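Here the structure is laid out as structure tokens; the discussion comes afterwards.
The values are calculated or read from the model by the stated rules, or taken from the named source; none is laboratory data. In this text, all values refer to a predicted model and were calculated from it rather than measured experimentally. Counting neighbours? That spans all protein chains shown, and the Cβs are built from the backbone with ideal geometry, glycine included.
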Amino acid sequence: MIRPLSIALFLALFLASFAGAASAHDYKLGDLMIEHPWGRAIIASRPAGAFLTIVNHGAADRLVGARSPAAEKVEIHTHINDNGVMRMRRIEVVDIDMHQTVALQPGGLHLMLFGLKALPADGEMLPVMLRFEKAGEVEVMVRFEKPTTTSGGDTGHDMKSMKHDHGNMKTTD
Ligand SMILES: [Cu+2]
């Protein structure tokens with residue numbers, strides 16, 4: 001005899017094991033999940049981009065800052081379309097609404113690490129502290145992936161379609 005409770009329990013265990021396997025590189029801070037932090041550094045002297053997904057299972061919060069012992073400073077950036085050219089712009093906060101998922105990804109919102117002490121090796125993890133207005137601070141390990149290009153410059157994978165030249169970055173704040 002199979003009771004509904006047993007089925008529910010089985011399903012819960014099944015889903016939990018599945019989620020566990022998929023979330024090996026996730027972090028939890030209160031109602032916030034920080035998923036798959038990864039980064040890309042191309043040249044040691046240039047700022048490096050870092051990307052992650054914030055899943056909010058609770059009330060509205062805001063990402064208000066980031067820092068890293070491996071970098072001189074970390075800024076929050078977004079991209080704006082300036083007459084067809086995507087340009088980066090520094091922003092102070094990222095609103096994370098109730099039960100919203102916010103993706104920091106190439107071409108959109110991202111973290112920018114300035115003054116890295118060394119160019120991260122492929123697969124190297126660097127700590128970054130994310131500060132949220134309500135949830136507080138959490139340290140995540142950002143896994144750096146080597147760009148697929150061998151020529152250097154800002155022509156790495158999935159960056160081909162947009163201008164992302166940090167050297168000529170416009171400061172608009
Ligand atoms: Cu940037």
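Looking across segment 132-156, the residues that are of a type in the set (Val, Ile, Thr) and at pLDDT below 95 come down to Thr148, Thr149, Thr150, Thr155.
Leu119 falls short on exactly one of the conditions (1) modelled with pLDDT under 95; (2) over 22 Å from His36 (Cβ atoms); (3) more than 16 Å from the ligand (Cβ to nearest atom); (4) surrounded by 13 or more Cβ atoms within 10 Å (Cβ to Cβ), and that condition is (2). Residue count for segment 43-72, restricted to those that are within 12 Å of the ligand (Cβ to nearest atom) and either basic (Lys, Arg) or in a loop (DSSP other than H, G, I, E, B) (or both): 2. Just checking, does segment 78-95 include any residue being more than 12 Å from the ligand (Cβ to nearest atom), touching a residue at least 12 places away in the same chain (Cβ under 8 Å) and part of a loop (DSSP other than H, G, I, E, B)? Yes, segment 78-95 contains at least one residue that is more than 12 Å from the ligand (Cβ to nearest atom), touching a residue at least 12 places away in the same chain (Cβ under 8 Å) and part of a loop (DSSP other than H, G, I, E, B). Per the conditions (1) at pLDDT 95 or above; (2) crowded, with 18+ Cβ neighbours inside 10 Å, the sole criterion not satisfied by Met88 is (1). The condition (being assigned to a loop (DSSP other than H, G, I, E, B), at pLDDT 95 or above and either out of contact with any Leu (no Cβ under 6 Å at 6 or more places or on another chain) or within 14 Å of the ligand (Cβ to nearest atom) (or both)) is satisfied by just one residue among Met98, Met112, Met129, Met159: Met98.
Looking only at residues of segment 83-97 that are charged (D, E, K, R) and touching a Lys or Arg at 6+ places or on another chain (Cβ under 8 Å), we find that the one that is farthest from Ala48 (Cα to Cα) is Asp95.
Taking segment 37-59, which residues are in contact with a strand residue (DSSP E or B) (Cβ under 8 Å, 6 or more places away or on another chain) and free of Cβ contacts under 8 Å to residues at least 60 places away in the same chain? Outline the logic, then answer.
So in segment 37-59, the residues in contact with a strand residue (DSSP E or B) (Cβ under 8 Å, 6 or more places away or on another chain) come out as 37-42, 47-58.
The answer is Thr53, Ile54, Val55, Asn56, His57, Gly58.
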